[in-house]
Amino acid sequence: MQIENLRKKLWDYDKRYRAGEPLISDLEYDRLLDDLRRLEKESGKPIPSDSPTQRLGGDVVDGLVSVPHRHPMLSIENTYNIGELREFGKRVENNPHLADTPRIPWVVELKIDGVAASLIYENGILVQGLTRGNGVIGDDVTHNIKTIHDVPLKLDTKTPPKVLEVRGEVYMLNSDLVKLNEKRQEAGESVYANTRNVTAGSIRLLDPSVCAQRRLRFFAHGIGLCDGLKATNHFDFLKELETYGIPATPHVRRFESFDDAVKYCDELYSTDNTFLAGLDFEIDGLVLKVDDFSLREKLGSTSKSPRWIIAYKVEKYEATTKLREIRVQVGKTGTITPVAELEPVELAGTVVSRASLHNAEEIERKDIRVGDVVVVEKAGKIIPHVVRVERHLRTEELPVYEFPTACPECGGPLAKDPGGVYIRCENKACSAQVKEKLRFFAARNSMDIEGLGDKLIDQLVDSGLVGRFGDLYRLTTESVEKLERMGKRSAQKLIDGVETSKSRELSKLLNALSIRHVGQRTATILAKRFGSLPRLREATVDELSDVDEIGPIIAQSVYQYFRSEDGIETVDDLTSLGLAATVQVVQEPVTKSGSRTLFDLDTVPEEADCPQPLAGQTIVVTGSLEHFKRDEIESVIEKLGGRPSSSVSSKTSFVLVGADPGSKLAKAEKLGVRIVHEAEFLEMIGQ
């Protein structure tokens with residue numbers, strides 16, 4: 001009984017460790033493990049393979065044994081080109097086996113840069129771990145897989161699948177590589193260049209005790225031979241694995257269309273997105289997969305790779321250089337961003353002398369200090385960033401970097417985001433913030449003001465001519481031409497550019513306002529849904545949350561902006577100056593066959609003159625309609641006075657149902673909400 005209780009206790013500690021919530025220190029854990037090992041030995045009974053004492057997998061093996069995979073571990077198609085990525089999506093959508101499929105959901109996940117492995121569980125017990133090998137035959141590395149604390153020796157469920165084969169990636173954290181290289185340097189051993197090399201070498205070691213010292217980790221991302229799995233799609237499969245205690249690849253997103261998935265990939269690879277650079281593990285791209293398992297079966301595979309998956313990869317470049325200084329910059333929302341000033345080094349064909357350090361926590365976590373030798377990386381369009389410190393090359397004691405306690409530009413107070421990592425200047429009148437906001441306001445994706453460059457913005461703010469957005473529209477040729485290096489012609493060009501910007505559509509204005517959590521895509525979604533600035537300003541949090549892709553955080557941020565003192569003053573000011581942005585519909589509606597839609601959006605008059613047969617009605621659309629695309633039907637509903645909604649509730653007026661409706665139809669029937677088919681809808685609107 002004592003042995004079983006101790007095993008159970010250690011299993012629980014293992015589970016909390018994998019969840020990132022260790023309950024006891026490594027020393028306490030090792031002492032309990034020693035006690036269990038002693039008791040097992042004294043008992044003289046066989047030791048089960050899932051006992052915590054078997055974590056190290058036993059003695060040194062004589063050699064690696066080759067084992068055939070139960071299902072081949074095929075390679076996946078990859079591309080570095082966005083055009084080729086879209087072509088892949090078209091091939092999937094046009095595959096004859098999916099001709100009757102109304103929509104194809106996709107998932108996007110990180111492509112972990114590690115070593116592929118397959119873990120096999122039988123009745124909940126880990127029985128084997130294999131490398132990918134040549135895809136057909138792999139090496140048995142069970143003895144080393146058992147040293148990875150991320151990997152449960154026993155699944156955390158009373159009803160495990162009879163057979164569960166999980167494919168995934170063995171990897172190493174950059175922070176763990178720093179610690180390992182320090183130890184090797186002290187021992188006079190050579191250091192490792194990157195995490196993938198050390199992972200590849202460690203997983204094939206014959207002595208599991210050596211592999212255990214490398215602190216390898218595991219993420220599951222795929223499925224092999226399974227018997228008893230509950231999930232029918234990839235997204236739910238990853239969730240199911242986590243209930244078993246197996247860590248699934250993180251930050252996975254599901255999308256209803258390939259186009260949406262590609263847009264998300266492009267956002268992650270954009271130069272102003274710091275998410276990927278902030279990861280403590282290496283990735284070499286993104287992976288796009290058809291979500292539904294039944295659709296995957298229909299698509300099948302070639303001899304080399306499945307037809308339902310592709311990797312969108314990025315070229316990665318690394319270089320080593322010295323950190324000269326850490327400076328901080330103030331962003332448009334007051335964010336204080338630390339920047340590394342480096343000894344110039346060539347990286348991907350360009351000379352790099354600066355790199356982002358993202359935030360104060362990043363500096364502390366990586367223990368970055370002025371004078372350190374650092375590894376700098378550039379991947380795709382992402383700006384250069386510091387991957388890690390080569391701490392084994394730190395030959396002298398360097399002072400810990402102290403983050404500023406006051407704004408470096410205005411001296412105003414700094415505050416950390418509640419529950420976040422960013423530190424911000426709280427002074428809204430800070431000149432650095434004003435300049436950055438104006439630069440963003442004038443950018444091409446925002447108000448696209450010709451003639452308003454960085455140097456001119458600096459002059460306008462420093463001279464006191466501009467302190468907020470509305471001041472741009474009060475400028476005169478006479479006031480501008482007095483600035484340094486500004487003649488009458490240049491001044492008039494600016495005034496003309498400012499005046500032209502008054503006609504920009506709503507999505508550009510929303511993006512330009514620098515509302516927290518609202519970027520270009522979110523601005524476009526909000527503009528399409530609400531159609532005008534007055535309607536958006538009146539929207540409640542619930543109405544905002546009801547919009548597809550608008551979560552509670554974004555909804556709250558937008559709601560608060562339009563009710564904040566600064567937001568009210570800004571929007572009222574711009575409106576009084578003649579900016580009355582609305583949605584501009586420029587499209588040629590077509591059906592799937594290529595003909596014009598039955599209902600021509602271009603013939604619908606403006607709302608003020610248009611009959612409103614749907615006035616005051618909240619309408620949910622589900623399934624594929626014959627005469628409308630999704631964005632077209634939402635535009636029609638709005639033009640005719642209705643409000644399109646993405647979720648069914650007791651307040652829904654009716655649900656417009658097309659072919660292959662989803663769960664919304666069932667919910668509507670359960671709530672007793674009226675069901676309307678397309679023919680009836682056309683009669684309602686007089687078509």
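The values are calculated or read from the model by the stated rules, or taken from the named source; none is laboratory data. No experiment lies behind these values; they were computed from the predicted model shown. Every residue, glycine among them, receives a Cβ derived from its backbone with ideal geometry; neighbour counts consider all protein chains shown. SASA here: full protein model, heavy atoms, side chains in, ligands and nucleic acids out. Shrake-Rupley method; radii C 1.70, N 1.55, O 1.52, S 1.80 Å.
Here are a few things to note about the model shown:
- Which listed residue, of R214, R184, is closer than 28 Å to L64 by Cα, in contact with a Ser or Thr (Cβ under 8 Å, 6 or more places away or on another chain) and in a loop (DSSP other than H, G, I, E, B): R214
- Subset tally (residues that are of a type in the set (S, T, N, Q), open to solvent by 10 Å² or more (accessible area, probe 1.4 Å) and within 25 Å of P250 (Cβ to Cβ)) for the range 167-208: 3
- Yes/no for A527 being in a helix (DSSP H, G or I), more than 19 Å from E450 (Cα to Cα) and either touching a residue at least 40 places away in the same chain (Cβ under 8 Å) or open to solvent by 20 Å² or more (accessible area, probe 1.4 Å) (or both): yes
- Of the residues making up the range 332-358, those that are under 28 Å from the mean Cα position of the chain (by Cα), buried (at least 18 other Cβ atoms within 10 Å of the Cβ) and not polar (S, T, N, Q) number 9.
- L225, sole failed condition from (1) open to solvent by 60 Å² or more (accessible area, probe 1.4 Å); (2) among the hydrophobic types (A, V, I, L, M, F, W, C); (3) without any contact (Cβ under 8 Å) to a residue 40 or more places away in the chain: (3)
- Restricting the range 228-247 to residues that are of a type outside the set (A, V, I, L, M, F, W, C) and within 21 Å of D113 (Cβ to Cβ), the residue that is surrounded by the fewest Cβ atoms within 10 Å (Cβ to Cβ): P247
- Residue identified as modelled with pLDDT under 85 and either touching a Pro at 6+ places or on another chain (Cβ under 9 Å) or not in a loop (DSSP other than H, G, I, E, B) (or both) among R55, R86: R55
- Within the range 226-256, being among the β-branched types (V, I, T) and not in a helix (DSSP H, G or I) holds for T232, I246, T249, V252.
- Filter result (small (G, A, S), touching a Phe, Trp or Tyr at 6+ places or on another chain (Cβ under 8 Å) and surrounded by fewer than 20 Cβ atoms within 10 Å (Cβ to Cβ)) within the range 252-292: S257
- Test: residue in the range 147-163 that is touching a helix residue (DSSP H, G or I) at 6+ places or on another chain (Cβ under 9 Å), surrounded by fewer than 19 Cβ atoms within 10 Å (Cβ to Cβ) and β-branched (V, I, T): yes
- Of residues in the range 372-392 being over 25 Å from the mean Cα position of the chain (by Cα) and open to solvent by 30 Å² or more (accessible area, probe 1.4 Å), the one nearest to G419 (Cα to Cα): R391
- Where a residue in the range 431-450 is under 16 Å from S463 (Cα atoms) and open to solvent by 10 Å² or more (accessible area, probe 1.4 Å) and its partner, wherever it lies, is acidic (D, E) and not in a helix (DSSP H, G or I), with Cβ under 6 Å and at least six apart: A432/E409
- Of the residues making up the range 130-145, those that are out of contact with any strand residue (DSSP E or B) (no Cβ under 7 Å at 6 or more places or on another chain), open to solvent by less than 30 Å² (accessible area, probe 1.4 Å) and outside any helix (DSSP H, G or I) number 1.
- Here the strands (runs of 3 or more DSSP E) wholly within the range 339-411 that include at least 3 residues being in contact with a Leu (Cβ under 7 Å, 6 or more places away or on another chain) are 350-356, 373-379.
Residue-wise test of (1) under 27 Å from the mean Cα position of the chain (by Cα); (2) open to solvent by less than 70 Å² (accessible area, probe 1.4 Å).
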residue	(1), (2)
L39	no, yes
P46	no, no
P52	no, yes
R55	no, yes
D62	no, no
P68	no, no
G83	yes, yes
P96	no, no
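- Members of the range 412-429 that are within 15 Å of T337 (Cα to Cα), part of a loop (DSSP other than H, G, I, E, B) and in contact (Cβ under 8 Å) with a residue 24 or more places away in the chain: V421, Y422, E426
- When the range 546-566 is limited to residues that are free of Cβ contacts under 8 Å to residues at least 40 places away in the same chain, part of a helix (DSSP H, G or I) and open to solvent by less than 50 Å² (accessible area, probe 1.4 Å), the one that is nearest to T335 (Cα to Cα) turns out to be I554.
- Within the range 632-663, being open to solvent by 60 Å² or more (accessible area, probe 1.4 Å) and closer than 27 Å to T101 by Cα holds for E634, D660, S663.
- Remark: pairs (first residue in the range 64-83, in contact (Cβ under 8 Å) with a residue 12 or more places away in the chain; second residue assigned to a loop (DSSP other than H, G, I, E, B) and of a type in the set (D, E); Cβ separation under 9 Å; 6+ apart in sequence or on different chains) = Y80/E315.
- Looking only at the range 451-488, and only at residues there that are touching an Asp or Glu at 6+ places or on another chain (Cβ under 7 Å) and farther than 20 Å from L513 by Cα, the one that is most open to solvent (accessible area, probe 1.4 Å): K488
- Residue within the range 171-192 that is within 20 Å of T131 (Cβ to Cβ) and over 27 Å from the mean Cα position of the chain (by Cα) present: yes
- Residues being open to solvent by 90 Å² or more (accessible area, probe 1.4 Å) and at pLDDT 80 or above - total across the range 6-22: 2
- For the range 533-545, the set of residues classified as farther than 14 Å from Q560 by Cα and open to solvent by less than 20 Å² (accessible area, probe 1.4 Å) consists of L533 only.
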